[in-house]
Each structure stands twice: as C-alpha cells, then as structure tokens.
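For reference, the structure discussed in these notes is given below.
The values are calculated or read from the model by the stated rules, or taken from the named source; none is laboratory data. Only a predicted model underlies this, so the values are computations on that prediction, with no experimental measurement involved. Because the Cβ atoms are built from the backbone with ideal geometry, glycine has one as well, and the counts that use them run over all protein chains shown.
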Amino acid sequence: MFAFSNRSTGKAVMEGRQVHLRHPELADHEQWAALRAQSATFLKPWEPVWPRNDLTRPAFRARLRRYNNEIRAGTGYPFLVCRNGDDVILGGITLGNIRRGVAQNGQIGYWIGARFAGQGYMTEAVALICEFAFARNGLHRLEAACIPGNNRSIRLLERNGFHREGILAAYLKINGAWRDHVLYARINPLHVSAAASDGTER
C-alpha cells in the first residue's frame with residue numbers, strides 16, 4: 001500500500017498509489033500560498049481565523065522554523081500531500097501533539113485544496129499518516145477531531161478505521177467561534193492484535 005522512500009530532496013517521504021507525503025520547504029511557498037488563497041472560501045469554515053499575513057513568504061518561513069523545531073523534538077511531523085508524477089501540492093497533513101511515556105499517542109489534522117477535494121487523495125494521505133504513526137513511530141493511539149457538520153471529514157476518518165468516541169464541548173476556536181468537535185480515535189492495529197492474542201483489553 002505504501003513505501004518509505006527518498007525523492008530528489010533527500011527527505012524521507014511516504015508514497016502511496018496516488019500521492020506522496022513530504023516535508024514542506026521554502027521553495028514550496030508560492031504554490032502553497034496560491035492553493036490556500038484559491039481555496040479560502042472552502043477552507044475557512046473549518047479552520048481558525050487566518051492571520052492577516054498568513055500567506056506571505058515571511059510567515060511561511062516562520063512556519064517552517066516551527067515545523068523544524070517540532071520535527072527535531074519529535075512532537076510533530078508536518079507534511080505536504082503531493083500528487084505522484086508531477087509533485088503538485090494537493091493539501092497538507094500533520095501528525096502532531098505527540099506524547100510519549102505511558103500515552104504514546106498523537107493527533108492528526110489535514111486540509112485539501114478545493115479543486116482536489118472528493119477525489120480520494122486525502123483518504124490515501126490519512127492512510128499513509130496512520131502507517132507512519134503506527135509502523136514507523138510506534139504510537140499506540142491516534143486522535144482526530146472535527147466539527148459535527150463536517151460530513152466529508154467524518155466519512156474520511158471512518159473510511160480509515162477511526163471510531164467516534166464522543167463530543168468535545170467548545171473544543172477549538174474555529175472561524176472566530178468556539179465550536180464543539182466530534183472526537184475520533186484509532187488504535188494501532190498491531191497493539192489490538194497483541195491484546196486479543198493474550199486475552200487482555202486494549
């Protein structure tokens with residue numbers, strides 16, 4: 001289904017049938033900003049309010065510094081979702097808020113450009129990030145939260161084996177308002193299998 005590989009940048013990526021995931025670079029700014037701007041109406045109902053300078057090159061450079069700090073600390077792994085063959089940026093996906101110790105969990109967040117939605121790209125990207133989290137990083141649990149009315153996101157998570165656990169009241173400030181979110185989670189399949197084989201609960 002996927003492979004860990006190296007592309008011309010030398011950075012590790014995950015590659016599926018339609019898309020691959022790679023870390024963003026400064027050279028991606030123009031294409032990334034254009035896609036975000038073109039998709040603003042599509043994205044803003046589901047995201048925090050964008051800072052006024054959010055799409056500028058200095059803001060993107062600051063974003064990359066933050067990303068690099070998270071990667072070095074092992075607390076987050078941000079990726080661009082790119083189409084195989086031409087490396088066109090389709091969206092972004094992040095494995096973040098990673099906690100080790102007795103928790104061994106993380107959270108995923110994602111977005112896709114309006115013109116690329118509904119074509120299966122993000123479904124594959126979420127499958128890849130799950131493999132990255134479970135097989136490569138050994139996490140036990142992944143969480144994702146979405147606004148109850150975001151049916152696209154709900155279907156996407158359910159297709160990737162996430163299960164609804166409950167409602168998080170006034171969880172995040174989205175588009176200027178504190179919004180309830182539905183909490184979805186998925187347990188590492190290897191851990192579920194191990195628990196079943198020894199008769200313990202997961």
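Quick one: how many residues across the range 38-76 are touching a His at 6+ places or on another chain (Cβ under 8 Å) and either in a loop (DSSP other than H, G, I, E, B) or under 19 Å from residue 108 (Cβ atoms) (or both)?
Adding up the residues that qualify gives 2.
Collect the residues in the range 71-114 that are more than 23 Å from residue 189 (Cα to Cα) and surrounded by fewer than 18 Cβ atoms within 10 Å (Cβ to Cβ), keeping them in residue-number order.
Within the range 71-114, 71, 72, 73, 83, 84, 85, 86, 87, 88, 114 qualify.
So that you can scan it fast, the table gives a plain yes or no per residue for (1) within 22 Å of residue 16 (Cα to Cα); (2) touching a residue at least 60 places away in the same chain (Cβ under 8 Å):
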position	(1), (2)
99	no, no
117	yes, yes
127	yes, yes
130	yes, no
136	yes, yes
145	no, no
163	no, no
192	no, no
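In the range 144-162, is there at least one residue being among the basic types (Lys, Arg), surrounded by fewer than 20 Cβ atoms within 10 Å (Cβ to Cβ) and within 20 Å of residue 13 (Cα to Cα)? Don't jump to the end; show me each part of the working.
Filtering the range 144-162 down to residues among the basic types (Lys, Arg) leaves 152, 155, 159.
With the extra rule that they be surrounded by fewer than 20 Cβ atoms within 10 Å (Cβ to Cβ), the set shrinks to 152, 155, 159.
Retained after the next criterion (residues that are within 20 Å of residue 13 (Cα to Cα)): none.
No, there is no match, as no residue in the range 144-162 is among the basic types (Lys, Arg), surrounded by fewer than 20 Cβ atoms within 10 Å (Cβ to Cβ) and within 20 Å of residue 13 (Cα to Cα).
Answer yes or no as to whether residue 126 is of a type in the set (A, V, I, L, M, F, W, C), buried (at least 17 other Cβ atoms within 10 Å of the Cβ) and assigned to a strand (DSSP E or B).
So residue 126 does not fit the description; no.
Would you point out which residue out of 78, 58 is in contact with a helix residue (DSSP H, G or I) (Cβ under 7 Å, 6 or more places away or on another chain), at pLDDT 95 or above and not charged (D, E, K, R)?
The unique qualifying residue is 78.
Among 187, 167, which is of a type outside the set (Ser, Thr, Tyr), loosely packed, with under 15 Cβ neighbours inside 10 Å and at pLDDT 95 or above?
Numbers: 187 fails: loosely packed, with under 15 Cβ neighbours inside 10 Å.
Unique residue meeting the criteria: 167.
Among the residues of the range 165-185, is there at least one that is closer than 22 Å to residue 18 by Cβ and in contact with a helix residue (DSSP H, G or I) (Cβ under 9 Å, 6 or more places away or on another chain)?
Scanning the range 165-185 turns up no residue that is closer than 22 Å to residue 18 by Cβ and in contact with a helix residue (DSSP H, G or I) (Cβ under 9 Å, 6 or more places away or on another chain).
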